[in-house]
1. Label-point separation (nm) for residue 105 and residue 358, each offset 7 Å from Cα along Cα-to-Cβ?
2. Go ahead and run the numbers for FRET between residue 32 and residue 152, Cβ-Cβ distance against an R0 of 22 Å, rounding to 0.05.
3. Given the DSSP H assignment, sum -39500 (n - 2.57) over each helix run of at least 4 residues in the chain and divide by its residue total; what's the result at 222 nm in deg cm²/dmol, nearest 500?
4. Just need the relative contact order of the chain here, percent rounded to a whole number, with Cα pairs under 8 Å and 6+ apart.
5. Calculate the length of the line joining the C-alpha centroid of the stretch 1-49 to that of the stretch 231-273, in whole Å.
6. To check you understand DSSP bridge types, tell me what percent of the beta bridges within the chain (both residues inside) are antiparallel, rounded to 5.
7. State, to one decimal in nm, how far the label point of residue 5 lies from the label point of residue 132, with both points 7 Å from Cα in the Cβ direction.
8. Pairing the Cα long axis of helix 277-289 with the longest principal axis of the chain, what angle in degrees results, from 0 to 90 and rounded to the nearest 10?
């Protein structure tokens, strides 16, 4: 059991089901994802009667308790004991030697799942796991790539198909919170089992974005769905007791982001000229990895699919100044004239749409 990629965790699960269990599993990468991957394996052992002891060494009290634990005993009545340790960096060298000694001296009925954010290959636990355990490296990938790997694994498991563009849309909407990602992916799978192919329309219909991503959809909808659907989205937020000022504030940020992206594209014409998402995302990654490039934070934190769509929106208009004028009028109507929010947003959406449509016709002429 040497190195396993995230996609090969399913193989470790199958081995565990067949009682081929490693004494040591090392997960190296973001704790949030490592924990979920570890749980997928050890829950098989729990179903077989194993007991679980968890130590999060980032917590001082739990670290004290862990350091006091001596001589890892075999479980009662022959049942396996699982030790899940989060924060392997906090294990002192003396404790590492104690753990390795217990491996060497006994036929163990216990297994270790140790989570590290990073670990050198010459570390004694790494060397032992390479020979007699299992190593699942997650640290060499961006979180975005890890989520994409998880998505591909799930699609393969359920024999579903989703093209790269749709996959990017899904990840850009649900964000990088792993629990939210998993919940929305499970829901999407259940809704599409009979269809086999997951489309962008189905993603938009089923997936619930994180709040900030939901606000993003309003701005995107202005350019792609028309005023009626955009206004319905805002009405739903108002019905859910979202403050009008909060909605308006997001629209300000959305158009400000468009302006920042527009300026950034002018400075990076090689990115501006890419008209397909595949090549755009590759060029964007090259720019992000260039140490000499300065990327505004609001862009660096965005998924490339969202930026690609925003680039296409920018191409439809000559200037963004007119949008900020409309936002100012809406803010005045809300805060100074005390007009009803539904009326203010209805006027705003239709005025913005009219300006987008008019500008698009001028550019096409």
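Every read-out reported here was derived from the displayed coordinates using simple, explicitly stated rules and does not represent laboratory data. All figures in this text were calculated on a predicted structure; none of them were measured in a lab. Please note: Cβ atoms are built from the backbone with ideal geometry, for glycine as well, and neighbour counts cover all protein chains shown.
1. 8.4
2. 0.70
3. -19500 deg cm²/dmol
4. It rounds to 15 percent for the chain.
5. Rounded to whole Å, the Cα centres lie 41 Å apart.
6. Counting DSSP beta bridges with both partners in the chain, the antiparallel share is about 0 percent.
7. 2.9
8. 70
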